[in-house]
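Encoded as structure tokens, the structure appears first; notes follow it.
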Amino acid sequence: MTFIIWMTGLPCSGKTTIAEKLSEHIFNLAILDGDEMRELLSPNEDFSRSGIISHNKKVANISKLLLEHAVPVCVSKINPFAENREDARKILTDYNFLEVYVKCSVDSCEKRDVRGMYKKARNGEIDNFIGIHVTYEPPTKAELIVDTENSTIDHSVQKILDYLNKNKLIKNTK
């Protein structure tokens, strides 16, 4: 059965790390990482609300294309607005949609930030930074919440795998 894992959370909350670990367990999992997708699909799009919403729809449609070819997908991007996640659900309505909220406080995310994005945002070098200038809207309809501030990445990955197994969405694991 084809499924999509749609991960949402603040920058540096652990989304990409979880996605990479999931790919070690799920055969043929396509990872659509937010930073990579932005560079490929929307390099000239700004980070305004409308720019974020437009880009998000592009990622959802690329996901749909992969799902139509029976490729399981894991999207790991901030998706800061409830509207982003609702749009994705609508576009991907024909597929098993698993929204995963990768929960972590701004303070913890900032401590993990090896690229210094939070510092640059606080110094005015980055505009519209989610969690600093733009409020992240935590999900209210997530099927799963993984708390990376208080749990290990391995525990978070296992929680997602357990959900997929319980709902008979995983057939082939590595």
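Derivation of every value follows stated rules applied to the coordinates shown; laboratory data play no part. As the structure is a prediction and not an experimental result, all values here were calculated from the model. Positions of Cβ are backbone-derived with ideal geometry, glycine not excepted, and every protein chain shown enters the neighbour counts.
A few comments on the model shown:
- Shown here: P(r) over Cα pairs in 5 Å bins from 0, in percent, derived from the displayed model; of the candidates (1) 1, 8, 14, 17, 19, 16, 13, 8, 3, 1, 0; (2) 1, 9, 18, 22, 22, 15, 8, 3, 1, 0; (3) 1, 8, 15, 19, 18, 14, 10, 6, 4, 3, 2, 0, 0, it corresponds to (2).
- Across the range 121-126, rounded Karplus estimates of 3J(HN,Hα) from the backbone phi angles (6.51 cos²θ - 1.76 cosθ + 1.60, θ = phi - 60°) give 5, 5, 8, x, 7, 10 Hz, Gly and Pro being marked x.
- Computed [θ] at 222 nm, deg cm²/dmol, the chain (DSSP H ≥ 4; -39,500 (n - 2.57); rounded to nearest 500): -12500 deg cm²/dmol
- Mean Cβ count within 10 Å, highest first, over the residues of peptides 161-170, 92-101, 47-56: 92-101, 47-56, 161-170
- Set of aspartates and glutamates with alpha-carbon distance to LYS166 below 15 Å, sequence-local pairs under 8 removed: GLU143
- With a threshold of 18 Å on the Cα-Cα distance, the over-threshold entries among LYS57/LYS77; LYS21/LYS111; LYS77/LYS168; LYS64/LYS159; LYS103/LYS159; LYS15/LYS111 are LYS21/LYS111; LYS77/LYS168; LYS64/LYS159.
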